[in-house]
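Chemist: What follows is a single structure, and I will ask about it in a moment.
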Amino acid sequence: MNNRIVVVTPFYNPGDFIDQCVASLVTQKYDNFKMVFVDDASTDGAYNRLPLNDARGVFIKNEVRKTALENLHDAIMNQCEPDDIVVLVDGDDWLPNKNVLSYINDFYSAHDCWIMYGQSSWTDGRRGFASAYSEKEFNSLRKTPFKVSHLRTFRAGLYQKIQEQDP
């Protein structure tokens, strides 16, 4: 199955990190994806470093800061279809190789899941802190210590359903 993937990248003044972020996205070998870049009123010129001529991109530039949560909400609600896989990549993060979106597609196709999270690595090679939740922990997430970092992915429809219950 060749799922459509929507990479949402919100940022505010990411500095030079935006270059590596963009490069890691535009060089992905997976072909059924779009990129949604949301500049939250940056003052460092980051918007001008985006691949503005790339047809896979949607480019949003806020005149006033909205914060990450509002930017993510707007992007998911306005740029995604329910079956899309949303991949969140911050403007100062990047994908480690050209096959990451293919791996994500393969995982969703093989497991028919609605949400997936991964592990991050520091630039010096140390692993991040993500770890698996036990079934008991997963059933009471609000009472469980935070265990997830990057990479966060989910079906857009899962997020969009929240609004039906909690507008």
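Chemist: If we scan the range 64-84, do we find a residue that is small (G, A, S), out of contact with any Cys (no Cβ under 8 Å at 6 or more places or on another chain) and closer than 17 Å to G157 by Cα? Walk me through how you get there before you give the answer.
Modeler: Kept after step one, since they are small (G, A, S), are these residues of the range 64-84: 68, 75.
Add one more test, that the residue is out of contact with any Cys (no Cβ under 8 Å at 6 or more places or on another chain), and what stays is 68, 75.
Now drop any that are not closer than 17 Å to G157 by Cα, which leaves 75.
Yes, that holds for at least one residue.
Chemist: Still on this model: Considering only residues that are more than 12 Å from the chain's Cα centre (by Cα) and open to solvent by less than 50 Å² (accessible area, probe 1.4 Å), look in the range 1-22 and name the one that is farthest from T67 (Cα to Cα). Lay out the reasoning, then the answer.
Modeler: The first filter runs over the range 1-22 and keeps only residues more than 12 Å from the chain's Cα centre (by Cα), leaving 1-4, 12-20, 22.
Checking which are open to solvent by less than 50 Å² (accessible area, probe 1.4 Å) leaves us with 3, 14-15, 18, 22.
Values: N3: 29, P14: 14, G15: 17, I18: 18, V22: 21 Å.
The selected residue is N3.
Chemist: For D39, are the conditions met, namely being crowded, with 18+ Cβ neighbours inside 10 Å and touching a Phe, Trp or Tyr at 6+ places or on another chain (Cβ under 8 Å)?
Modeler: So D39 passes the test.
The values are calculated or read from the model by the stated rules, or taken from the named source; none is laboratory data. Computed from a prediction, not measured in an experiment: that's the story for all the values here. Virtual Cβ from ideal backbone geometry, glycine too; neighbours counted across all protein chains shown. What goes into the accessible areas is simple: the full protein's heavy atoms, side chains included, and nothing from ligands, DNA or RNA. Shrake-Rupley method; radii C 1.70, N 1.55, O 1.52, S 1.80 Å.
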